[in-house]
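Encoded as structure tokens, the structure appears first; notes follow it.
What follows is calculated from the coordinates using simple rules that are stated; it is not laboratory data. Given the structure is predicted, the values throughout are model-derived calculations rather than measurements. FYI the Cβ positions are ideal-geometry reconstructions off the backbone, even for glycines, and counts take in every protein chain you see.
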Amino acid sequence: MSTEHAGSGERPSLTVSSRREGAVRFVQIAGSVQLAEAEELAAQLPALVDQDTPSLLVDLSLLEFISSLGLSAFVNAHRRARDLSGSVHLAGARPAIAQLFRITRVSELIPTHATLDEARAALRNAGAGRAS
Amino acid sequence: MDLTQQFGITLADLTEIVIPNDLRSAKQPEDRILAELQRRRYDPDAVFAIKLALEEALTNAIKHGNRNDRSKRIVVCYCIDERRALIGVRDEGGGFRPGDVPDPTADENLERPNGRGLMLMNAYMTCVRFNASGNEVWLLKENPACPQSTPAAASDRP
């Protein structure tokens, strides 16, 4: 699934794509999560968490900008995932984005990893923890 | 608010843009301000900080100040030179008291989806000033790349 956000005739400012990897939905967010697009993401991202895919792995390596309205998308997704015994993991955030997550302490709420491999390993361990 | 006393400017120094009260219209003043920052060669970190604070101010004005009322307007004013960027955002609401906003970084508030905008404005700007009623905010960012910026202002902000 892929969603693009742009005004008429404009290059998309935000692209959100996702695919299912077992019980995890892999999501890539590319571009800028700003203003109206942030509001749409705040509704779209939590909806990707469901009974079949209670966990999200979000690739932030192509994310250039996000405001607090966009952060609410991750917080709401985290809450929904937790209620379904899943989790949200973020990976590959650029320095400015990672700093924003740290300043708001959202990085303490939602695990934030340097690489996708680290995030996948953490998700596997989380799944093993729940199974034991 | 006495702009001369607060920031050493007059109304004649400001560019004013009036927009309808919706998030899509907010892109227009943002694009113009970002273009001016690029023209003045602000570095990427400063541009990110200003863009973030501006979006937080616009979002607050649209959603909270004007309560998403499409009949209302937002006024954005700015004055940007090589030394600093000054941006004002005014809504038509009754205002609020910034001191009443809970700390979003407190443990008990971390899972709240909203409430981080004011904290981010303060974290990323050199200074943030509200008028007495709280429906107008001024964001000041000193250009860290400008030799005339004070060392303290350049070092203690993201």
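Legend: mean number of C-beta atoms from other chains within 10 angstrom of residue C-beta atoms, peptide B:25-36, equals 1.
With the simple model of a label 7 Å out from the Cα in the direction of the Cβ, residue B:108 to residue A:21 spans 3.9 nm. A Cβ-based charge dipole, computed about the Cα centre of chain B with Lys and Arg at +1 and Asp and Glu at -1, lands at about 380 debye. Per-residue ellipticity at 222 nm, computed for chain A from helices alone with -39500 (n - 2.57) per DSSP H run of at least four residues, works out to -13500 deg cm²/dmol. Based on C-alpha pairs under 8 angstrom that are at least 6 apart in sequence, the range A:63-116 has a relative contact order of 41 percent. Rounded to the nearest whole angstrom, the semi-axes of the ellipsoid equivalent to chain A, taken from the Cα gyration tensor as √(5λ), stand at 24, 16, 13, largest first. Neighbouring Cβ atoms from other chains, within 10 Å of the Cβ of residues in B:49-58, number 3 on average.
Annotation: the antiparallel percentage among DSSP beta bridges lying fully within the protein assembly as shown is about 70. Converting phi to 3J(HN,Hα) with the Karplus coefficients 6.51, -1.76 and 1.60 and the offset θ = phi - 60°, the range B:34-47 yields 5, 5, 5, 4, 5, 4, 8, 6, 5, 6, x, 5, 5, 5 Hz in sequence order, with x at every glycine or proline.
Taking the Cα centre of the protein assembly as shown as reference, the dipole from Cβ charges on Lys and Arg (+1) and Asp and Glu (-1) amounts to some 280 debye. Find the centroid of the Cα atoms in the range A:97-111 and in the range B:29-74, then give the distance between the two in whole Å. Cα centres, the range A:97-111 to the range B:29-74: 22 Å.
Along the range B:94-111 the Karplus relation, 6.51 cos²θ - 1.76 cosθ + 1.60 evaluated at θ = phi - 60°, assigns HN-Hα couplings of x, x, 7, 10, x, x, 7, 7, x, 5, x, 8, 5, 3, 6, 10, 4, 8 Hz to successive residues, with x for each Gly and Pro.
Put simply, when A:13-20, B:122-129 are sorted by average Cβ atoms within 10 angstrom per residue, most first, you get B:122-129, A:13-20.
Legend: ranking of residues B:119, B:1 from fewest to most surrounding C-beta atoms inside 10 Å; resulting order B:1, B:119.
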